[in-house]
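See below for the structure under consideration.
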Amino acid sequence: IPEGGSKAVCLIDTVGMSDSSKGFVMRKSVKAFTDCMLDLIVDTEETRRNIVDLYGKKEVLYLGPDEQVIADDINWIIKNAEYRGYRTPAAFMSSKPRAGINHKEFGVTSEGVNVYLDVA
């Protein structure tokens, strides 16, 4: 599990929403964020035409989930990365439910640290 790197946060105003609406908005936000990232990094004619690339080399992004990202989100992210043409879709997201190290279970997120302390 990599440590460090850049961070991203999605701030979502859910004040006054029902629990089911909050859940819907959070899931939709994860998907929109993922699509935005893929819009920028998947090599297509459109990205080559519209993105200013000062680095000039292929870049690899490796996302790790945090507190509000659930297993269904992770599975969707991997499937969508593959569908969108990301070169290594399985490596696009860590903590895959059936093929990765669960960040929450092994203490990599603050939720995971709490789980670890409860067990210890």
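The values are calculated or read from the model by the stated rules, or taken from the named source; none is laboratory data. Since we're looking at a predicted model, the values are computed, not measured. Don't worry about glycine lacking a Cβ; one is built from the backbone with ideal geometry, like all the others, and counts go over all protein chains shown. Each accessible area value is taken on the protein alone, full model and side chains, heavy atoms only, with ligands, DNA and RNA left out. Shrake-Rupley method; radii C 1.70, N 1.55, O 1.52, S 1.80 Å.
The accessible surface of segment 55-94, taken with every protein chain in place and a 1.4 Å probe, is 54 percent carbon and sulfur. Of R27, R87, the order by accessible heavy-atom surface (1.4 Å probe, DNA, RNA and ligands excluded), from most exposed downward, is R87, R27.
On full extension, the segment bounded by E67 and S18 gains 15.7 nm, given 0.36 nm per residue less the C-alpha separation.
The listed residues Y83, Y55, Y62, once ranked by accessible area (1.4 Å probe) with the largest placed first, stand as Y83, Y55, Y62.
Extending 7 Å from the Cα toward the beta-carbon at both D35 and L54 defines two label points whose distance is 2.9 nm. Ranked by solvent-accessible area (1.4 Å probe, protein heavy atoms only, all chains present), the residues L54, L63, L40 order from largest to smallest as L54, L40, L63.
Amide hydrogen proximity for M93: with H placed 1.01 Å from N in the peptide plane, the residues at 5 or more positions away or on another chain lying under 5 Å are L63. Averaged per residue, segment 1-80 has 76 square angstrom of accessible surface, using a 1.4 angstrom probe with ligands and nucleic acids left out.
In this structure S95 has an accessible area near 10 Å², from a 1.4 Å probe over the protein heavy atoms.
Applying both filters, DSSP loop and at most 12 other Cβ atoms within 10 Å, to the GluC sites (Glu not before Pro) of segment 6-95 gives E59, E67. Overall, the accessible surface of segment 1-54 at a probe of 1.4 angstrom is composed of carbon and sulfur to the extent of 56 percent.
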